[in-house]
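Colleague: Below: one structure in structure tokens.
Read the figures in this text as sums done on the coordinates, not as results from a lab. Bear in mind the structure is a predicted one, so any value in this text is a computation, not a measurement. All Cβ positions, glycine included, derive from the backbone under ideal geometry; neighbour counts span all protein chains shown.
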Amino acid sequence: MRTPLFFGREPAALLSLVAVLVKLAVAFGWDASPDVQAAVNASAAALMGILIALAVHDGLGAAIVGFAQAALALAIGFGLDWSADRQAVVMAAVTVAVGMWDRTQVTAKIPAKQALPLN
């Protein structure tokens, strides 16, 4: 399978551009800690994961959960003051919601009539 292109470029090239732009911004006055810089780059990578999953029609649910994790890390890097418990509850809700959506998108290889009974 061919790597999908975005804006005529491969995803790795675009992620490199984001990383360089973050470094440039910091060099020219953006007062971002290394943690915030890492969170911005992680969020860009997670977003690219969603775009790739959409382009190749595979693994979209996992990409969305990864993006949610990166976005939460970014928000915390920018000062969101949530306890670990609150973060876990939000991520659990995202995971369950994506799982429920995935369930409507997946077809079992074995028809229900052929599946083994649970009792």
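Colleague: Restricting to Cα atoms and excluding each atom paired with itself, what does the Kirkwood estimate give for the stretch 7-53 in Å?
Modeller: Taking every pair of different Cα atoms in the stretch 7-53, averaging 1/r and inverting gives 11.2 Å.
Colleague: Turning to a different aspect of this structure: Convert each backbone phi in the stretch 50-55 into a coupling constant with the Karplus relation 6.51 cos²θ - 1.76 cosθ + 1.60 (shift: θ = phi - 60°), then list the ³J(HN,Hα) values in order as whole Hz, x for Gly and Pro.
Modeller: Result, ordered by residue: 5, 4, 5, 4, 5, 5 Hz.
Colleague: A further question follows. Taking the highest mean first, how do the peptides 61-71, 15-25 order by number of other beta carbon atoms within 10 angstrom per residue?
Modeller: Sorting 61-71, 15-25 by mean packing, highest first, produces 61-71, 15-25.
Colleague: Roughly speaking, what is the stretch gain from residue 62 to residue 100, that is 0.36 nm per residue apart minus the C-alpha to C-alpha distance, in nm to one decimal?
Modeller: In short, 12.4 nm is gained.
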